[in-house]
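*Asks:* To start, I am sharing the structure in question, which I have written as structure tokens.
The numbers here are math on the coordinates, done by the rules we state, and not lab data. In this text the structure is predicted, and so the values were computed from the model without any measurement. Positions of Cβ are backbone-derived with ideal geometry, glycine not excepted, and every protein chain shown enters the neighbour counts.
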Amino acid sequence: MSSKLRIMVPVKRAIDFAVKPRVNSAKTGVETAGVKFSINPFDDIAVEEAVKIKEAKKGAVESIHVVSAGSSKAQEVLRQSLAKGCDTSTLIDVGDASVEPLTVAKMLAKLAEEDKSNLIILGKQAIDDDSNHTGQMLAGLLNWPQVTAASKVDINESTGEVTVEHEVDGGFETVSASLPMIITTDLRLNTPRYATLPNIMKAKKKPLKTVKPADLGVDIAGRLETVSVSEPPPRPAGIKVNSVDELIAKLKERGAL
Amino acid sequence: MQAVRFIKQAARPAAKVLRPVAVSRAFSSSAATFTRSPVLEFSEEEELFKETVAKFAQEVVLPKSRAMDEAEQMDPEVVQGLFDTGLMGIETPEEYGGAGASFTSAIIAVEELAKVDASTAVLNDVHSTLVNTLVRTYGSDAIKEKYLPKLATKCVGSFCLSESSSGSDAFALKTRAEDKGDHWLINGSKMWITNAGEAEVFLIFANVDPSKGYKGITCFIADKDMGVQIAKKEKKLGIRASSTCVLSFDDLQIPKENVLGEVGTGYKIAINCLNEGRIGIASQMIGIAQGAFDRATDYAFKDRKQFGKYIGEFQGMQFQIAQAAIQIEAARLMVYNTARMKEAGQPFVTQAAMCKYYASEVANQVAGKAVEWMGGVGFTREEPLEKFMRDAKIGQIYEGTSNIQLQTIAKDIMKSKS
């Protein structure tokens, strides 16, 4: 491979996986006030994979650029990723606006071009809206090959050939492509590390750039309208039966048999 | 904003001992420049660090906690994990292999560890707030270069002050250090020495000239292989995995240069760092209280039903739980406010005594109640509650007993009246 790896890792600050989401009183989305936020777990796996590649392929990785679109609070997840081993970071400051996957993909595409990225690793989806769009849209916009839901990544840094195992119904599929490419991560790809205290302190000195969507030539106005958000209907209580005969009778009564 | 300012100002403490957090963060006249932040608001890196420690505690310490208690022994993997995560060199400057983080970070670490395992928390606390702090503050450049990097990365430290006949009256210690020209010769013994079982570096307080009384006390730094001997390991009620040992020094030779600070200033050094150390122990106590509270309230609100409803739905339970929550909040505010006072360079001796006294009371009350809330299950060793209760008791004893704390506080009040 002629040039070194320049990895971009887009990450999202999302409601923590341990929080039980509740619909807000206006029914426009989930309640975010007083709720714990963390890095989207799939994105954390993407950060880990990028850092692992950098550690394993000594000298083959020129930089890992971690990017997040969000409010200034998204700086937390950028700092955390820097503490885990990313080199530079960019906050695309969209304020409190909720940006759609296509908008995010457009901004990331622009940044990837500016940064001359040749490998983008990101979570297969964010656990807040579960869209599972951004990686695929980004691949479309850049016209790069993509592998979604990766469970194993193997890079041949001399040929630029990347072999990826990903989970499909009923098993695994192994595919390969050449850089530049996009990989979205699944849960089984790796186990993210802790940011150790010395690295948290060192991350304070790593670059964190802030850009506005307009700087990237992207209009963040939404194309979709959220009509209403509601809780799933509560599951009705079951009944207890006293015998197998009664069970069969009840199932027949409901047309299940 | 106006209303908030009014309330805060009205609530400003009048007593001399309760100073505002920092003079520079005084109230301003316009809302736009209102900069005072709540005591429990942490910096971005402190928040990140808190998350790291919490994760480490859950994933590495928790699975070993019960077994370590039963075996009365620290698991080497846990100790190694503390080093790997950077918890053993929190305030140590970067050039010595540490993180160069804040004192509050050290306090956060102790609290987060104690939520899961108080023995691991005290190992970390003694190492950070006593041993590292002393070496960093009083060590010569040569001592700092020799000891700080290994204390941050591989060697546990131990603080050796108490003796069989000098506990609260610490400076009545009898261990002797003789000047032998090119080295010091130490003879005597120490008791109740935390971390001694794991430690490879020992800070030893000994008197170079008993005729001078406490002004002969000097702090020496020794490596285990210089000949520090562990005579006996205590079997205890709580924090059982943490080693507490009797040490004996039999013609222990220490290099001439291994003195921390000046000869004869050991008592000053010890007083200063014990005041700081109290904040660490107070933090351990709020960790214990919170850990017990979290488990028992999960049980009350999510697990246990009686008379057809969760036991947490009974008002009698709810009021006890609310009381405990208030106590923990109050103790935590005291602990972190004192930590910030220390960072701001303000006098904090009285506040350290207050927070250590109060947090240990709260830990004992809350852990005791939490056992009751969980009933028979709380009393068994299937659950961590009985361990929290046992581990809390030491808070009223070490780093100055509760009576010593009360005496320190009362002295300060008396001084203000004279």
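*Asks:* Could you pull out the longest piece of chain A with no exposed loop GluC sites (Glu not before Pro) in it, calling a site exposed if DSSP puts it outside H, G, I, E, B and it has at most 15 other Cβ atoms within 10 Å? Don't jump to the answer; show the numbers that get you there.
*Replies:* Numbers: sites that count: A:E31, A:E225.
Answer - A:32-224.
*Asks:* Between region B:339-354 and region A:74-133, what is the C-alpha centre distance in whole Å?
*Replies:* Region B:339-354 and region A:74-133 have Cα centres spaced 42 Å from each other.
*Asks:* For chain B, return all DSSP H helices satisfying: extent of Cα atoms along own axis at least 24 Å; mean Kyte-Doolittle hydropathy at least -1.0.
*Replies:* Values: long enough: B:266-298 (47 Å, 0.15); B:315-343 (42 Å, -0.09); B:349-373 (36 Å, 0.05).
Those that pass (Cα extent of 24 Å or more, hydropathy at least -1.0) are B:266-298, B:315-343, B:349-373.
*Asks:* Of B:V60, A:Q125, B:S243, whose Cα points farthest to the positive end of the dipole of the protein assembly as shown (charges on the beta-carbon: +1 Lys, Arg; -1 Asp, Glu; origin at the Cα centre)?
*Replies:* Checked the options; the winner is B:S243.
*Asks:* Could I ask something else about it? Give me A:D219, B:D223, B:D69 ranked fewest to most by other Cβ atoms within 10 Å of their Cβ, as a rough exposure proxy.
*Replies:* Neighbour counts put them in this order, fewest first: A:D219, B:D223, B:D69.
*Asks:* Can you give me the distance in nm between label points at A:K116 and A:L257, each placed 7 Å from the Cα along the Cα-to-Cβ direction?
*Replies:* So the two model labels end up 7.1 nm from each other.
*Asks:* In deg cm²/dmol and to the nearest 500, what is the mean residue ellipticity at 222 nm of chain A if only DSSP H runs of at least 4 residues count, each as -39500 (n - 2.57), divided by the residue total? It would help to have the intermediate numbers written out before the result.
*Replies:* Working: 6 runs with 67 residues, N = 257.
Value at 222 nm, helices only: -8000 deg cm²/dmol.
*Asks:* Further question on the same structure: Of B:A324, B:S416, B:N275, whose Cα points farthest to the positive end of the dipole of region B:268-417 (charges on the beta-carbon: +1 Lys, Arg; -1 Asp, Glu; origin at the Cα centre)?
*Replies:* The residue sitting farthest along the positive end of the dipole is B:S416.
*Asks:* Taking every Cα atom in chain A, find the radius of gyration and the maximum pairwise distance Dmax, and write them in Å.
*Replies:* 21.5, 73
*Asks:* Something else about it: HN-Hα J couplings of region B:207-212 from phi, Karplus 6.51/-1.76/1.60, θ = phi - 60°, integer Hz, Gly and Pro as x?
*Replies:* Rounded to whole hertz, the list is 9, 8, 7, x, 5, 8.
*Asks:* Which residue, B:E382, B:E111, B:E46, tops the fluctuation ranking in a GNM of chain B built on C-alpha contacts under 10 Å?
*Replies:* B:E382
*Asks:* Give the calculated FRET efficiency between A:T174 and A:D130 to the nearest 0.05, with a Förster radius of 35 Å applied to their Cβ-Cβ distance. Working shown, then result.
*Replies:* Values: r = 26 Å, r/R0 = 0.75.
Calculated transfer efficiency: 0.85.
*Asks:* When the Debye formula is applied to the Cα atoms of chain B, each taken as the same point scatterer, what base-10 log of I(q)/I(0) results at q = 0.06, 0.14 Å⁻¹?
*Replies:* -0.26, -1.29
*Asks:* Another question about this same structure. Could you work out the relative contact order of region B:268-417? I mean the mean sequence separation of Cα pairs under 8 Å and 6+ apart, divided by the number of residues, in percent.
*Replies:* With pairs under 8 Å counted, the relative contact order is 33 percent.
*Asks:* Towards the positive end of the charge dipole of region B:44-156, with charges on Cβ (+1 Lys, Arg; -1 Asp, Glu), say which of B:T153, B:V122, B:V135 has the farthest Cα.
*Replies:* Projecting each Cα onto the dipole axis, the largest value belongs to B:V135.
*Asks:* Still on this model: Compute, for chain B, the length of the dipole vector about the Cα centre, with Cβ point charges of +1 (Lys, Arg) and -1 (Asp, Glu) only. Units Debye, rounded to 20.
*Replies:* Numbers: 49 positive and 52 negative charges, 350 e Å.
For chain B, the charge dipole is close to 1680 debye.
*Asks:* Of chain B, which part is the longest with no chymotrypsin sites (Phe, Trp or Tyr not before Pro) in a loop (DSSP not H, G, I, E, B) and with at most 15 other C-beta atoms within 10 angstrom?
*Replies:* On the way: sites that count: B:F27, B:F34, B:F307, B:F314.
Segment B:35-306 is the longest.
*Asks:* What does the convex hull of the Cα atoms come to per residue for region B:268-417, in Å³? Write out the running numbers ahead of the final one.
*Replies:* On the way: hull volume 17.1 nm³, N = 150.
Roughly 114 Å³ of hull volume per residue.
*Asks:* Counting other C-beta atoms within 10 Å, which of B:M317, B:M414 has the fewest, and how do the rest follow?
*Replies:* Numbers: B:M317 18, B:M414 9.
By the 10 Å Cβ count, ascending, the order reads B:M414, B:M317.
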